[in-house]
Each structure stands twice: as C-alpha cells, then as structure tokens.
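Below: the structure, in structure tokens.
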Amino acid sequence: MITLKNIVKAYDGKKESGRAVDGLNLEIRKGEFVALLGPSGCGKTTTLMMLAGLLKPTSGEIYFGERMVNHVEPKDRNIGMVFQSYALYPHLTVRDNIAFPLRERKMRKPEAYERAREISKIVQIDHLLDRKPAQLSGGQQQRVAMARALAKSPEILLLDEPMSNLDARLKLDVRDEIRKIQRDLGVTTIIVTHDQEEALAISDRVAILNDGRIQQYAPPNELFGQPVNLFVASFLGNPPMNLVPGTIVMSGGEQTIATSGFQYRIPRERQLDAAHIGKPVKLGLRPHDMTLTGADDPEAIPMRVDLVEHLGSGKLVKVTDPNKKLESMIRLLTDNETDVQSGDTVHLRVRADKFHLFDMTDNGLNL
Ligand code: ATP
C-alpha cells in the first residue's frame with residue numbers, strides 16, 4: 001500500500017548535510033497499523049509530513065500502491081490526518097467541523113451532514129454534533145478530529161501523537177477506540193508516537209527510528225524478544241534491559257561470559273561461533289526475564305539484594321554481586337509473594353532463551 005524508497009530529508013535541501021531522515025525504507029501493507037517510534041528528533045514527524053505531502057523529500061521515492069506520489073498535492077493524496085493539537089475550527093460546530101473536508105470537496109450540505117452524522121456515530125459523538133469544540137472534553141475533541149479525518153473515507157490515516165493531550169486513563173480508552181475504528185474501517189494507518197507502550201499496544205508493526213534511520217521494523221513481540229541491536233534493546237522496555245559488560249571466555253571447556261561481578265555459563269543451545277571467544281560483549285537481561293531460585297540450583301548466580309521497591313503489581317529488586325564489583329546494579333521484577341529484603345543473599349536464574357548478547361560494534365549487534 002505504501003512504500004518509502006531510500007527517503008532522505010535534509011531541511012536545507014543539501015543531501016550531504018544534517019539529515020532529519022537518512023535513507024529510510026519502509027513498506028506498509030493495506031489495512032496495516034504501523035507506528036513510527038523513537039526518541040525526540042529521530043525524524044518521525046518529518047516522515048509523516050512527507051507521507052502527507054506537507055514536506056518534499058530531498059531524495060527518494062514515496063509510492064501509494066503503484067503510484068509515485070512525491071509530487072502529488074496533499075489534497076489529492078486521499079489521506080486523513082489527526083494532529084496532536086486536533087486543529088478543530090473553534091467557531092464551527094462539531095457537525096460543521098466534520099463536514100468541512102467534504103464541503104471543501106464541493107459535496108452538497110445535506111449529504112455532507114448525513115456523512116458527518118454517520119461517521120460521528122462510529123466514533124460515538126453523534127450526541128455532540130451541535131456543540132462547539134470549546135464545549136467538549138479533550139477526549140471528545142480527539143474523537144471529532146478522528147471523525148473529521150475519516151469523513152472522506154481516506155485510504156490512509158496519519159496520526160501525529162494523537163493522544164498526547166489526554167490523561168493517562170483516557171489514553172487507554174481512546175487507544176482501544178482508535179484501534180477498533182481502524183479495524184472496522186480497514187484504513188491503513190500510521191501513527192507517530194514517542195510512547196512505546198502505546199506503539200506496542202496498538203500496532204501490527206513498529207518501526208523504531210534513531211537519527212533518521214530505521215533500526216528495526218517488526219511486530220511488537222519480535223522487537224521486544226529479538227532486538228537487532230543495542231539501541232532497540234535499550235530503548236524498549238520499562239524498567240529497561242540491564243546491560244552488563246563482559247567478555248566471552250572458555251572456562252572449564254565451556255563458553256562463559258565473564259563480567260566483573262559474576263560468570264555466566266552459556267547454555268548449549270546458545271553456543272557462539274568460536275570467533276567470539278575473547279571478545280568483549282554486553283550481556284542484556286530484561287528485568288522480567290530473570291527469576292530467583294534456591295541455593296541448590298547449580299546454574300544460578302549468587303547475588304546480594306540492595307534495594308526492594310514495591311510497584312503494586314510486583315516488586316522491583318535491585319541486586320549486585322556479593323563483592324560489589326559490578327559497575328551497576330541489576331534490576332529484576334518479582335511477584336508480590338516473593339519474600340526478599342535488602343541484605344538478603346539470593347540466587348539469580350537466567351533462562352537460556354531469555355538473554356541477549358551484543359557485540360561492541362557501533363551498532364551493538366545482537367549476536
Ligand atoms: P519529536 O518527537 O520531538 O517531535 P521527531 O522524531 O518527530 O521528534 P522531527 O520533528 O522529524 O523529529 O525532526 C527531525 C530532525 O529534523 C530534528 O533534528 C529537528 O531538529 C530537525 N528539524 C525538524 N524540523 C525542521 C525544520 N523546519 N528546519 C530544520 N530542521 C528541522
């Protein structure tokens with residue numbers, strides 16, 4: 001449905017200089033919900049603006065289906081857009097706000113109003129059609145903006161941080177609503193967000209951007225479970241992945257990760273190519289992926305508990321090696337029933353399929 005081919009955007013027009021978007025390739029299927037996720041300044045909004053036609057790429061090509069749209073005006077792209085600010089017309093009623101893009105296309109008033117009524121039903125604001133935006137809550141305004149974007153039955157819906165003005169609770173409801181409406185209408189949707197939870201919850205696939213480049217483009221599970229590099233691994237997850245510097249060594253004939261505080265024997269099924277022996281790595285351990293076991297577990301790593309924080313849903317336990325040689329504490333999550341106190345000695349179990357190893361190249365590739 002949408003293809004971005006080697007898109008570069010330099011705001012001064014010079015390809016060589018600071019690029020907001022730097023060689024971006026992306027394919028989005030018809031009906032798919034895709035998020036562009038990344039830290040501030042990574043090029044998300046710039047990419048969305050190019051899809052909308054509000055910005056022109058410095059080089060590269062954008063296709064909607066077979067059609068190259070680089071030079072197609074925004075109004076001719078058959079897209080609907082919802083901005084962070086909603087940009088509703090304050091002097092118009094909800095009905096007229098929703099009908100506005102239809103009237104712009106010369107649809108007659110009765111028909112435009114009928115369509116406004118139809119679409120307002122779908123987003124559940126049909127009881128608010130006579131109000132002005134100032135008489136609506138944030139969540140209601142958000143729905144009006146959605147209805148207006150959807151009124152023309154666009155093929156593509158572009159959402160720029162559409163939930164950032166809503167409080168945490170409402171955000172969850174609106175998020176489900178957006179997803180439901182999107183599924184019902186089957187409209188191909190791209191959302192820009194810096195909220196990872198939102199992106200992972202709502203999308204079929206997420207493109208993680210950094211410095212104008214896609215780091216990984218995959219379904220949420222895969223991004224979380226198989227991050228391709230250190231950036232993706234450390235960007236996703238809350239609390240974040242623990243990253244422990246170490247070296248791959250042979251110890252007692254077994255491949256082992258030697259860190260400053262402990263040794264971890266690499267399980268058989270995860271053996272590395274011999275070329276990695278002697279090389280420095282970062283061991284990545286997600287707080288959710290470790291468990292505490294008894295002292296009789298030969299694979300477990302003895303640790304000392306430094307701090308226990310109660311999160312409500314469970315406990316965040318910070319541990320370090322008994323000799324305090326580790327540079328930073330390791331954080332893990334347990335359930336509320338696990339009885340741990342600071343000062344305790346515990347035994348840390350790392351599941352064979354749940355640790356990550358990153359090499360020391362610039363990108364920190366997952367081995
Ligand atoms: P945020 O989450 O903060 O909105 P973003 O990922 O959407 O960030 P962009 O707005 O796409 O990032 O900006 C990407 C880069 O381009 C940034 O370094 C930004 O400073 C730069 N940039 C954005 N707009 C312009 C502009 N009009 N002129 C020059 N540079 C710009």
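The values are calculated or read from the model by the stated rules, or taken from the named source; none is laboratory data. Note that the coordinates shown come from a computational prediction; the quantities given were computed from them, not determined experimentally. Cβ: placed from backbone, ideal geometry, glycine included. Neighbour counts: every protein chain shown.
When region 31-87 is filtered for residues that are within 16 Å of the ligand (Cβ to nearest atom), over 17 Å from Pro154 (Cβ atoms) and in a loop (DSSP other than H, G, I, E, B), the ones remaining, listed by number, are Gly38, Pro39, Ser40, Gly41, Cys42, Gly43, Leu55, Lys56, Pro57, Thr58, Gln84, Ser85. Of all the numbered requirements in (1) hydrophobic (A, V, I, L, M, F, W, C); (2) surrounded by fewer than 19 Cβ atoms within 10 Å (Cβ to Cβ); (3) in contact with a Pro (Cβ under 6 Å, 6 or more places away or on another chain); (4) not in a loop (DSSP other than H, G, I, E, B), Leu332 misses one, and that requirement is (2).
Only one entry in Arg95, Arg103 is in contact with a helix residue (DSSP H, G or I) (Cβ under 6 Å, 6 or more places away or on another chain) and modelled with pLDDT of 95 or more, namely Arg95.
Each residue in region 248-262 was checked for being touching a residue at least 24 places away in the same chain (Cβ under 8 Å) and either out of contact with any Asp or Glu (no Cβ under 6 Å at 6 or more places or on another chain) or not assigned by the TED database to the domain that holds Ala352 (or both), and 6 pass. Cβ-Cβ distances below 8 Å connect the following pairs, each with a first residue in region 178-203 that is closer than 15 Å to Ile156 by Cβ, a second residue that is hydrophobic (A, V, I, L, M, F, W, C) and surrounded by fewer than 20 Cβ atoms within 10 Å (Cβ to Cβ), and a separation of six or more residues or different chains: Ile181/Ile122; Leu185/Ile122; Thr188/Met1.
The listed residues are Lys318, Lys282, and the only one of them that is in contact with an Asp or Glu (Cβ under 6 Å, 6 or more places away or on another chain) and either in the same structural domain as Met360 (by the TED database) or not in a loop (DSSP other than H, G, I, E, B) (or both) turns out to be Lys318. Given the structure, is Val94 crowded, with 19+ Cβ neighbours inside 10 Å, in contact with a Ser or Thr (Cβ under 8 Å, 6 or more places away or on another chain) and either of a type in the set (Ser, Thr, Tyr) or farther than 30 Å from Lys9 by Cα (or both)? Yes: the conditions hold for Val94.
Considering every residue within region 121-133, establish whether at least one is of a type in the set (D, E, K, R), closer than 18 Å to Met50 by Cα and either under 29 Å from the mean Cα position of the chain (by Cα) or surrounded by fewer than 18 Cβ atoms within 10 Å (Cβ to Cβ) (or both). No, because not a single residue in region 121-133 is of a type in the set (D, E, K, R), closer than 18 Å to Met50 by Cα and either under 29 Å from the mean Cα position of the chain (by Cα) or surrounded by fewer than 18 Cβ atoms within 10 Å (Cβ to Cβ) (or both).
Listed by first and then second residue, the pairs with beta-carbon distance under 7 Å, at least 6 apart or on different chains, first residue in region 326-354 and of a type outside the set (A, V, I, L, M), second surrounded by fewer than 11 Cβ atoms within 10 Å (Cβ to Cβ) and part of a loop (DSSP other than H, G, I, E, B), are His347/Gly294; His347/Ala295. Of everything in region 7-30 that is surrounded by fewer than 18 Cβ atoms within 10 Å (Cβ to Cβ) and of a type in the set (Lys, Arg), the residue that is nearest to the ligand (Cβ to nearest atom) is Lys14. Screening region 126-231 for helices (runs of 4 or more DSSP H) wholly inside it with 2 or more residues that are closer than 30 Å to Arg105 by Cα returns the ranges 138-150, 168-185.
In summary, Leu4 fulfils each of the numbered conditions (1) in a loop (DSSP other than H, G, I, E, B); (2) within 16 Å of the ligand (Cβ to nearest atom) with the single exception of condition (1). Candidates Gly138, Gly80: the one that is in contact with an Asp or Glu (Cβ under 8 Å, 6 or more places away or on another chain) and within 26 Å of Ala35 (Cα to Cα) is Gly138.
A single entry from Asp297, Asp359, Asp306, Asp339 fulfils the requirement of being of a type outside the set (Ser, Thr, Tyr) and under 28 Å from the mean Cα position of the chain (by Cα): Asp359.
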